[in-house]
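Input: one structure, supplied below.
The values are calculated or read from the model by the stated rules, or taken from the named source; none is laboratory data. Just so you know, these numbers come straight off a predicted model, no measurement behind them. Note: ideal-geometry Cβ built from the backbone for every residue, glycine included; neighbour counts use all protein chains shown. Heavy atoms of the whole protein, side chains included, go into the accessibility calculation; ligands, DNA and RNA do not. Shrake-Rupley method; radii C 1.70, N 1.55, O 1.52, S 1.80 Å.
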Amino acid sequence: MLKDRIKEVRKSVKLNQSDFGAKIGVKGNTVGNYELGLRSPSDAIIFSICREFGVSEVWLRTGEGEMYLPKSRSEQLVSFFSDILKMDDDDFIRSFCLALASLDKEQLHQLADLSETVLTKWAQLKEKKEQKEKADP
């Protein structure tokens, strides 16, 4: 039911009813009424939920398909770096990304080449280990 899917979206984005409502332009108690099935959201509110949280309108209305719309690679990167910016300054991931951001194009290509070499060697070692385990039961 629509009321359950609205609640599922809200829980998925880890917001309380008040904060969820603020993002879609209604009060928290209105969200509560949607989730209890006491009120039906207007088309504008459904559109707002879909736009704000990247939810499929078909899924929200009918339950068919995936909850979230697929993101382009660029949208995935924007989302990833947005999350990084929300982290504490001393967080390793944030520090690592800031270090990457300070590299010039040539340094990034060198890092990519090094990463490819490491991954290739790792895959070769893994394959040898698996072959040895098959040969020595």
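Sort the following peptides by mean Cβ neighbour count (other Cβ atoms within 10 Å, averaged over residues), highest first: 51-61, 123-133.
Descending mean neighbour count gives 51-61, 123-133.
Additional query: With only Lys, Arg, Asp and Glu charged, each at its Cβ (+1 for the first two, -1 for the last two), find how big the charge dipole of the chain is about the Cα centre; round to the nearest 20 debye.
That gives a dipole near 500 debye.
Tell me the per residue accessible area of region 50-90 using a 1.4 Å probe; a whole number in Å² is fine.
Accessible area per residue, region 50-90: 77 Å².
Looking at [x] 14.8; [y] 16.0; [z] 19.0, which value of Kirkwood radius over Cα pairs in Å comes from a calculation on the structure shown?
Only one listed value fits the structure, namely [z].
Treat every Asp and Glu Cβ in region 3-44 as -1 and every Lys and Arg Cβ as +1, leave all other atoms uncharged, and give the resulting dipole magnitude about the Cα centre to the nearest 20 debye.
100 debye
Just from its helices, what would the mean residue ellipticity at 222 nm be for the chain, if runs of 4 or more DSSP H residues each count -39500 (n - 2.57) and the sum is divided by every residue, rounded to the nearest 500 deg cm²/dmol?
-22500 deg cm²/dmol
Round to the nearest 10 and give me the degree value, 0 to 90, for the angle of helix 43-53's Cα axis relative to the longest principal axis of the chain.
20 degrees
For region 28-129, what does the relative contact order come out to in percent, with C-alpha contacts under 8 Å and a separation of six or more?
Relative contact order for region 28-129 comes out at 9 percent.
Taking H as built 1.01 Å from N, whose amide H comes closer than 5 Å to the amide H of residue 68, not counting residues under 5 places away?
Amide H neighbours of residue 68, under 5 Å, 5+ apart: 56.
Suppose each label sits 7 Å from its Cα in the direction of the beta carbon; what would the residue 69-residue 105 distance come out to in nanometres?
Taking the two extended label points, one gets 3.2 nm.
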